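Read-outs: derived from the displayed coordinates by stated rules, not from any lab. Note that the coordinates shown come from a computational prediction; the quantities given were computed from them, not determined experimentally. Here the Cβ is made from the backbone with ideal geometry for all residues, glycine too, and neighbour counts use every protein chain on show.
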Amino acid sequence: LTINDKVNLPEVFFSGAVHGNERVGPTATVELLKFLLKYSNSKNKQTMELDTTQRWFSRLLKTRSITIMPNANALGYYENVREENGVDPNRDFPWGVSPENCMKTTAARALNSLFREHMFQISITFHGGMRAIAYEWGSPNFKAASPDDGALEPLGVAASHAAGAGDRRNGGYYYPA
């Protein structure tokens, strides 16, 4: 699903259920969609104007092309297992892997197709089972910082701070960066 598919707008991508048994992804993406649409179009009943939050979401929808894939790993979700036919879609990409050992899952091929067709400025995938704001480049065969680590690390920290205060174990933030 793509919202505001206009040419020359920055593109944003949200996905869920890359791991089929991480049930929070589809719910989070669908609720995000409902939230965006509700708060971007509703007006304050007393003043008939948009409040600050509503203006922000309205601007977000007008100035971004947003693509949402609620359930990347439909088979894993249906079977309530992490993998798709025994393969982890999150590790089924051609980074440091021979061509014959990647793109075996429908989920990886669908995600790859989207990323080949779009120039997403940011991508957020909802996972379950841990509490973290993380950014890509977690491949076990690549130990050094990613080429864009200098840009990604501050985004992770900012997202962690925006998510709110926690239980004092993660530097005072609910989600560790």
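Worth a mention:
- FRET efficiency for the THR53 to LEU155 pair, using the beta carbon distance and R₀ = 35 Å, is estimated at 0.95.
- Label-to-label distance, ASN21 versus PHE115, with points set 7 angstrom from Cα along the beta-carbon direction: 2.4 nm.
- A Förster distance of 30 Å, applied to the separation of the beta-carbon atoms of ARG91 and ARG131, puts the FRET efficiency at 0.90.
- Cut-off 19 Å, label 7 Å out along Cα→Cβ of ASN8, residues of region 50-77 by amide N: 60-66
- Listed peptides 113-121, 62-70 by packing density, highest first (mean Cβ within 10 Å): 62-70, 113-121
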